[in-house]
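Here's the structure we're looking at; comments come further down.
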Amino acid sequence: RVLPPWTPTFRWRPHKLLPMLFPSFELPPTDVLHAIVEFPYAILAERLARRSGMPYVVSIHGRYGAVPFHHWENRALYRRAIRNASAVTSCSRFAAEALRRASGVDRAVEVVGNPVGYARFQVPVDVVDLRRRFRIPETARVILGVGALKSVKGFDVLLRVFARVAAEEPDAALVI
């Protein structure tokens, strides 16, 4: 199906709300509907699921799931979509708690890490060459931190913890 265009808020864009509230298509027989982009598609999922009598799940990714609650134009419909979902999942406890605080909806949010079939995307790497280029001893244990360098990602915590690890394991290496 071609979904209505994504919008970060209905503020200044009330016309974008209509396709979410009144979808112009029917779903084929489906066991469960899964909104993997929380806003505004949780609203669309709630409407489609109610119309067809099927359960739906909303997945929250990071703080993005809480942001729409900062705009009154989004709040009521998005809150209803979260409240009525058969299940709500989150990629982290932090995101789950941010959603609960912002929405005021007291419901279980199941934390499910983002699964990635990394082998599908992995290019063979010469680990010996990488260690040589970054001057990491062959026997060193490596801790790898991956993510955007944002305060919410906790790299400051990783650095403090690594200082303690390095005191006990001098050959340890931290790669961010």
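Only the coordinates and a few stated rules stand behind these numbers; no lab work does. Bear in mind the structure is a predicted one, so any value in this text is a computation, not a measurement. Every residue, glycine among them, receives a Cβ derived from its backbone with ideal geometry; neighbour counts consider all protein chains shown.
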Discussion item. Quick check: the distance between the Cα centres of region 93-140 and region 1-80, to the nearest angstrom?
Written reply: 27
Worksheet, complete the sentence: Eigenvalues of the alpha-carbon gyration tensor of the chain, times 5 and square-rooted, give semi-axes in Å, largest first, of 41, 19, 15
Worksheet item: Using a Förster distance of 35 Å, how high is the FRET efficiency between D31 and V127, based on the Cβ-Cβ distance and rounded to 0.05?
Response: 0.25
Practice prompt. Compute the longest continuous run of the chain that contains no exposed chymotrypsin sites (Phe, Trp or Tyr not before Pro); treat a site as exposed when its DSSP state is not H, G, I, E or B and it has at most 14 other Cβ atoms within 10 Å.
Written response: 26-133
Response to the item:
Simple spin-label estimate for R83/R51, 7 Å along Cα→Cβ, in nm, reads 2.2
Discussion item. I'd like the FRET efficiency for F134 and L3, computed as 1/(1 + (r/R0)^6) with the beta carbon distance as r and R0 of 41 Å, rounded to 0.05.
Written reply: 0.40
Worksheet item: Using the alpha-carbon atoms, what tilt in degrees (0 to 90, nearest 10) does helix 72-84 show relative to the longest principal axis of the chain?
Response: 90
Practice prompt. Could you work out how far helix 41-52 tilts from the main Cα principal axis of the chain, as a 0 to 90 degree angle to the nearest 10?
Written response: 50
Discussion item. For a bin width of 5 Å, list the pair-distance distribution of region 9-82 built from all Cα-Cα distances, rounded to whole %.
Written reply: 3, 17, 27, 26, 16, 8, 2, 0
Item to complete: Please identify, among V152, V67, V128, the residue showing maximal mean-square fluctuation in a Gaussian network model of the chain using a 10 angstrom Cα cutoff.
Response: V128
Practice prompt. Sort out the exposed loop GluC sites (Glu not before Pro) in the chain (DSSP loop, at most 11 other Cβ within 10 Å) and tell me the longest stretch that has none.
Written response: 27-137
Worksheet item: Given 0.36 nm per residue, what is the gain on full extension from A172 to R101 after removing their alpha carbon distance, in nm?
Response: 21.7 nm
